[in-house]
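Read the figures in this text as sums done on the coordinates, not as results from a lab. Here the structure is a predicted model, which means the values were calculated and not measured. Cβ placement follows ideal geometry from the backbone for every residue including glycine, while neighbour counts extend to all protein chains displayed.
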Amino acid sequence: MSISTKRGDDGTTGLLYGGRARKDSARIETVGAIDEAQAALGLARAEARLNSGATALDEELASLERGLWVLMAEVATEPGNRRKLAAGVSLVTEEMVDGLGRRVHELESASDVPAEFVVPGQSRTSAALDLARTVVRRAERRAVGLKLGEGSHVVAYLNRLSDLCWLLGRASESEHMTARAKAVRAPRAKE
């Protein structure tokens, strides 16, 4: 079976649990922005592995990417089919939001958080995390416009996720600067 079904050639796409929506609809624009955020997190994961083999960060970012699958499922479902969604699988839960909030507070208490604006690009990993943060913010703006309704935690999840991306970027910068300082201080072998 091919992924090219040609059903979208009319400018519509299928929704979870049935129905179709125009590809330029607010719902599909939101799903697209969340999809882009997931890809940006994937770029940050690849950079983290390439630059430092950072397994803890790799695992955390992979988990965040999986969380975005849940958001995409919820957003890609018409309100009438919302009852079919499964908590934590295709429906964002308060516990998912709280988990991100706990991680944000963990990172805030682990180091000094810059009070001023940060210029992205201190390292490739932190730059990728800053890019992911901006894409998450765009997804958040799109989700706000959808007015997903009472009981949806999509906007809160995206809000916490953007904060987390920013803090992970700062932590990555700190690790990068520490590694560079150690490399500069390391005794050089005599030739």
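The residues on offer are Asp24, Asp35, and the sole one that is of a type in the set (D, E, K, R) and in a helix (DSSP H, G or I) is Asp35. Scanning the stretch 22-42 for residues being surrounded by fewer than 17 Cβ atoms within 10 Å (Cβ to Cβ), over 11 Å from the mean Cα position of the chain (by Cα) and among the hydrophobic types (A, V, I, L, M, F, W, C) gives a total of 1.
Within this structure, Arg45 fails the test of being within 20 Å of Val135 (Cβ to Cβ), surrounded by 18 or more Cβ atoms within 10 Å (Cβ to Cβ) and over 17 Å from the mean Cα position of the chain (by Cα).
If you take the residues of the stretch 65-104 that are of a type in the set (S, T, N, Q) and under 13 Å from Gly18 (Cα atoms), which of them is surrounded by the fewest Cβ atoms within 10 Å (Cβ to Cβ)? Across the stretch 65-104, the extreme among qualifying residues is Asn81.
Given the condition outside any helix (DSSP H, G or I) and over 21 Å from Ala171 (Cβ atoms), answer yes or no: does some residue in the stretch 46-69 qualify?
Of the stretch 46-69, the ones outside any helix (DSSP H, G or I) are 53-54.
With over 21 Å from Ala171 (Cβ atoms) added as a condition, the list becomes none.
No: the stretch 46-69 contains no residue that is outside any helix (DSSP H, G or I) and over 21 Å from Ala171 (Cβ atoms).
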